[in-house]
Structure formats: C-alpha cells, structure tokens
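Reading through the structure tokens given below for one structure.
The values are calculated or read from the model by the stated rules, or taken from the named source; none is laboratory data. These numbers were taken from a predicted model, which means no experiment stands behind them. Cβ: placed from backbone, ideal geometry, glycine included. Neighbour counts: every protein chain shown. SASA here: full protein model, heavy atoms, side chains in, ligands and nucleic acids out. Shrake-Rupley method; radii C 1.70, N 1.55, O 1.52, S 1.80 Å.
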Amino acid sequence: MVYNHSMKRILILSADKFEDTELLVPYYRLQEAGHKVTVVSIRKGRIVGKHGYEVKAAEAASDVDPAEFDALVLPGGKAPAALREHPDVLEIARKFMKEGKPVAAICHGPQVLISAGVLGGRRATSYESVRNEMEAAEVRYEDREVVVDKNLITSRKPSDLPAFMRELMKKLDS
C-alpha cells in the first residue's frame, strides 16, 4: 500500500450487471493509491457483474450520506439503468455535482446523471448507445476517450479506462 497523505473517501455506486472492469479497475486502482473505497448499491449485499465478478455493497444508497465522501464513481454496464430508478441514488448524484466534488462516470454511468438532471450544458461522453439520450439532456457530447468538464470526468468504454483513471487520479490529487 502506498502511503497517501491525502487519503480520500471514494463512493462507487453500482448494481447487478455492472461492467466488471469499469467497477474493478477503479476499485483496485483507488485502493492502491491509498484511498478508502466503498461500494454502494440499491441494497446492501452482493452485486454481480455482467461477466460474473461479485462485489460486496457495504451500504444501501438510502443509508449513505454523500457528505462523508470526496468523490463518486459510476461504472457502466446495465447497472445504471437500475440505479436511475431510485430517488436515493439520484439525490446522491445531485449532491456530488452541486458541491463540485469529483464525479467520474464511464460507459452507461452518465445515465444516472441524466436522470438526476445535472448534465445539461456540460461537456461529456458516454457509450455510443447513450449518445442520443445525452444530447436530449442538452449535454455537449464529445466522442473522445475521456472528457473533463470541471468536476466531471466521463469516458466511453472499458478500453478508455487508462485515460479515465489518469484524469480521476489527477482530480483527486488537486
């Protein structure tokens, strides 16, 4: 473990059928950097990724106080479609965006932010199939591996993870 003078508390918000690498790469990379990472879901307990990896959600979204965390990560896959149906999840996203804390969303992750109503007028990217929804939400869509707009970091797909993590790590260190 790397000793980190500025350990941050990171909230990864996900649900069943997450894109495995988009949750696991940030989870382990952030821990490696000395940050405290907590996975939260619709309910406390086990969540299973699209490819069968299991992760324990330490808390239910309804029990989380966003003020206790420094950054939010929203992995993709099919999890965001389930998450966006829950008012507690949307309120967490709103609070992070309102307070200007780092929010990193990849693939379908921005769907949570669309449903929370916090992306209008922002520059962002997502998985190609989410592009029309992003543009309908008045997002200035950019088809690039990573787009940084103030506190918001977005990427398109698993192969963008190196750029996604590079920008998230920079944001956490600033």
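Points to keep in mind about this one:
- When only alpha carbons are used to place a centre, segment 3-82 and segment 123-174 end up 18 Å from one another.
- Cross-link pairs exceeding 25 Å in C-alpha to C-alpha distance, out of LYS95/LYS171; LYS50/LYS98; LYS36/LYS56; LYS8/LYS98; LYS8/LYS50, comprise LYS50/LYS98; LYS8/LYS50.
- Carbon-plus-sulfur accessible fraction, the chain (probe radius 1.4 Å, protein heavy atoms only): 48%.
- In this simple spin-label approximation, ASP63 and ASP88 carry label points 7 Å from Cα along the Cα→Cβ vector, and these lie 0.8 nm apart.
- Full-stretch length increase - ARG144, ARG46 - with 0.36 nm per residue and alpha-carbon distance subtracted: 32.0 nm
- D_trans [Stokes-Einstein, Kirkwood Rh over alpha-carbon pairs] for segment 1-82, 37 °C, 0.692 mPa s, µm² s⁻¹: 258 µm²/s
- For the chain, the fraction of alpha-carbon pairs in successive 5 Å shells from zero, as %: 2, 10, 20, 24, 23, 15, 6, 1, 0
- Sequence ranges 164-170, 134-140, 100-106, ranked by mean other-Cβ count within 10 angstrom, highest first: 100-106, 164-170, 134-140
- Solvent exposure of segment 19-162, expressed per residue, is 45 Å² of accessible area, with all protein chains present and a 1.4 angstrom probe.
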